[in-house]
Structure formats: structure tokens, C-alpha cells
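Below: the structure, in C-alpha cells.
The values are calculated or read from the model by the stated rules, or taken from the named source; none is laboratory data. None of these values were measured; they are calculated from a predicted model. Here the Cβ is made from the backbone with ideal geometry for all residues, glycine too, and neighbour counts use every protein chain on show.
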DNA sequence: GCCAACTGTAACTATATTTGTTACAGACGT
DNA sequence: ACGTCTGTAACAAATATAGTTACAGTTGGC
């Protein structure tokens, strides 16, 4: 389907910020966790800022943090901020208008695809960033109960549990 | 999102065959309605045949027709036949395993994306190819009540009603 | 005021996926 | 045997995302 990973990355980024609480994160730090280039992160942060999900500060000691509490950010907010189009597309080139099916299939398909999009949005609207963080918690408890630091600094390496990511990619 | 039009095209193709009833359609005819190359259609027909949605016959007087009645083909069948992956992807490169968020976000995201996929599948499972044809009918009634021919032959041009395709593309 | 540390953004390349095209072997009715 | 089809390979084109380099502009600390 050639789906993009933008949504996954956006959720990852915002989860880091929820985790970091009010501490502003630098694009370089986020990029290290996401395992990509800092510019990619900054581009995405701009989109998230336009949708009022994060606020960024330029200059020294700058960085980005959530614009509001994690429980007030739904996955739908994130989805709409970074994914421009619906789940499916119609034909690349419009069908033959001289064919009775071709001329009308677009209308029917649009209705169907709208239903699909709505279903997706309903699911995403029902989960907040806080829920994501909560689901994350059980996996990353430290021995002393203290919350682990978000960012790798190369010294402490903590790999609480190895996940098996399914064959989505 | 870079979604593909494969699903839309597949529905179009099968709708043509439902419309044509038992008459086998040639890839060239289908391509004319879809407005693409016949090889693109044949490739898709192979996939649809593998999922037992159509049967094709080689040789002269060959062509393809539905493998079963339109009411016994759901849009989910079609979707699964031509779209390989789920709606979203995870990160292109795996996140940093040394970050407590990075190492676990994949697991959480997989759960979410599975929910999304399920929602999409539930919607698609609830509509059959027959439903699509039915929704098409009101648009393409001929003056004498007879069903219009599927394929353009360059002579009779019938454009029952012009649709306004939304900005999906 | 100056420097160092950031973000925002442009311009470009790389990579991946889908779509379109040409070509041809093989199947099949007549 | 011939013409008409499908099935498939091989490749080109188009599109979208992701990654990279470079740099202007902002900000805090000195």
C-alpha cells in the first residue's frame, strides 16, 4: 500500500515529549531516539506546531515541548497534523467518462472511502497520547522505580525488554 | 499518505464484470474503461484470480469474469486481494533500542495500527460488490430502461451525469 | 556586543513504490 | 495454421517519502 511512517514517527516524537514532561527536547535528541536525521524531525515539528500540538523555542537552550497535556492530545489530532490524505486514493487518471461504469464509479467509491476514513478517525479519536504513554510504562520500569531518562547518552544502556516488531515494514 | 489506487481500480474492474454479467471481458476493454494500460489490468486480474475472485481464459474468445456472484464478493475480499500491507507503517528504520521510548513504541504502535486495520476491515466486510453495482444503477439508467453497454465503442457516447470527484487525488 | 547553541527552511539527493510500456511465449477457438 | 487472447518479464517513468548539507535567524549567557 505504500503507507507512510509519518504517523508512527509523529506519535513517537510526541511520546518522547510527554515522557520528558515540561523539559524541552532538542531536535537532535529526538532524532537520536527515532533514529533519523534532525532535520526530518524539525520538519515534522513544524507541522505539529502548526496544528498546535507542540511549541518550539529557537535559540540557545531552545527545543520543543507539548503545547498541552498528553490527555488532551488524541491520536486523531496527530494523524490529521501529519497525514495529508485519506487512507485510499481514487484512480490516478480519471476513468473513461464514456463508460457508464467509469463515469460513476468515482462517486460510489468516494462514499465508500469516506466511510473507511471515518472508521479510522473514530478509532484514533478514542486514544490519547496519555494512553500511549501508559501502555509504554509497564515495559520501562527501572529497578528503583524511578522513571528512566528518555535520551541515550551512551553511558547507561537500558534495554528493558526486546520487542518483536511485526512484519509491518 | 501516498496511498495506492489499487483498491479503487480493483473495485472498478470487478464492477465492470458484475455489470457485464457472465460475458467475459477482455483486458483491453477493461483498460479502456479504467483508462490505463491493458497490462496493468492483466496484472491485477492475476492477483484477483489468485484470490479466487475472477476466472480468466486464455486464447481467442478469452477474457475474465467473476468467479462467483457479486453478492458473494465483499469489498474486504477485494481489499485483501490487492493491497498487501496495512494502512500505516512503522518506522522505516527501527528506533534507537537504547532509548526507553524507542525500544517500546513499536509494540504500542502495532497494537494501535492493528485496531485501525480492523476497523477498516469491518467497514469493507459490510459491503458487497452487488451493493456497489446497486449504488451505481440510479446514475446510469437509459431512456428505454435497458441497461447500457459497459464498454465504449466510440460510436454511442453516453454520459448520464457528470460526477464531481472530490480532492482525493 | 559577541559567541555558541538552537530552530526554520531551502535545495538537493537517495530510496522505495506504484504505474505505464514494450515485447513475447503460450493457450485456445475456428 | 492463424489470429486473438492471457500471463509475465524487463524496463522506464512518475510520485512520494526520507535523508543530507548548508545557512539565515533567534536566543541565552558571558
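Which of the residues belonging to the range A:8-35 are within 7 Å of another protein chain (Cβ to nearest Cβ), in a helix (DSSP H, G or I) and within 9 Å of DNA strand D (Cβ to nearest atom)? Residues satisfying the conditions are A:8, A:9, A:34.
Residues in the range A:1-37 that are surrounded by 16 or more Cβ atoms within 10 Å (Cβ to Cβ) and more than 15 Å from the chain's Cα centre (by Cα): A:1, A:20, A:24, A:25, A:26, A:27, A:29, A:32. When restricted to residues that are in contact (Cβ under 8 Å) with a residue 24 or more places away in the chain and either in a loop (DSSP other than H, G, I, E, B) or surrounded by fewer than 17 Cβ atoms within 10 Å (Cβ to Cβ) (or both), the range A:71-103 contains 8.
Among the residues in the range B:106-125, are any touching a strand residue (DSSP E or B) at 6+ places or on another chain (Cβ under 7 Å), more than 7 Å from every other protein chain (Cβ to nearest Cβ) and within 14 Å of DNA strand D (Cβ to nearest atom)? No: the range B:106-125 contains no residue that is touching a strand residue (DSSP E or B) at 6+ places or on another chain (Cβ under 7 Å), more than 7 Å from every other protein chain (Cβ to nearest Cβ) and within 14 Å of DNA strand D (Cβ to nearest atom). For residue A:77, the requirement of being more than 10 Å from chain B (Cβ to nearest Cβ) and within 25 Å of residue B:87 (Cβ to Cβ) is met.
Counting only residues that are in contact with a strand residue (DSSP E or B) (Cβ under 8 Å, 6 or more places away or on another chain) and near DNA strand D (Cβ under 8 Å from one of its atoms), which one in the range B:56-93 is farthest from residue B:113 (Cα to Cα)? If you could, list the steps in order and put the result at the bottom.
Going residue by residue through the range B:56-93, those that are in contact with a strand residue (DSSP E or B) (Cβ under 8 Å, 6 or more places away or on another chain) are B:56-57, B:62-67, B:70-75.
Filter once more, keeping what is near DNA strand D (Cβ under 8 Å from one of its atoms): B:56-57, B:62-64.
On the way: B:56: 35, B:57: 39, B:62: 42, B:63: 39, B:64: 35 Å.
Step by step, filter the range B:56-93, then rank; the result is B:62.
When you scan the range B:40-57, how many residues do you find that are closer than 18 Å to residue A:95 by Cβ and in contact with a helix residue (DSSP H, G or I) (Cβ under 8 Å, 6 or more places away or on another chain)? Let's see the steps before the verdict.
Here is the first cut: in the range B:40-57, the residues closer than 18 Å to residue A:95 by Cβ are B:40-45, B:48.
Of the ones still in play, those that are also in contact with a helix residue (DSSP H, G or I) (Cβ under 8 Å, 6 or more places away or on another chain) are B:40-42, B:44-45, B:48.
Result for the range B:40-57: 6.
State all residues of the range A:49-68 that are within 9 Å of DNA strand C (Cβ to nearest atom) and crowded, with 22+ Cβ neighbours inside 10 Å; if no residue qualifies, say none. So that I can check it myself, show each step before the final result.
Initial filter on the range A:49-68 (within 9 Å of DNA strand C (Cβ to nearest atom)): A:49-50, A:54-64.
Residues satisfying the conditions are A:54, A:64.
Return yes or no: is residue B:84 under 15 Å from the mean Cα position of the chain (by Cα) and within 13 Å of DNA strand C (Cβ to nearest atom)? Even if it seems obvious, please write down each step before you answer.
Values: under 15 Å from the mean Cα position of the chain (by Cα): yes; within 13 Å of DNA strand C (Cβ to nearest atom): yes.
For residue B:84, the condition - under 15 Å from the mean Cα position of the chain (by Cα) and within 13 Å of DNA strand C (Cβ to nearest atom) - is met.
Of the residues screened, residue A:45 is not one that is more than 8 Å from DNA strand D (Cβ to nearest atom) and either within 11 Å of chain B (Cβ to nearest Cβ) or modelled with pLDDT under 95 (or both).
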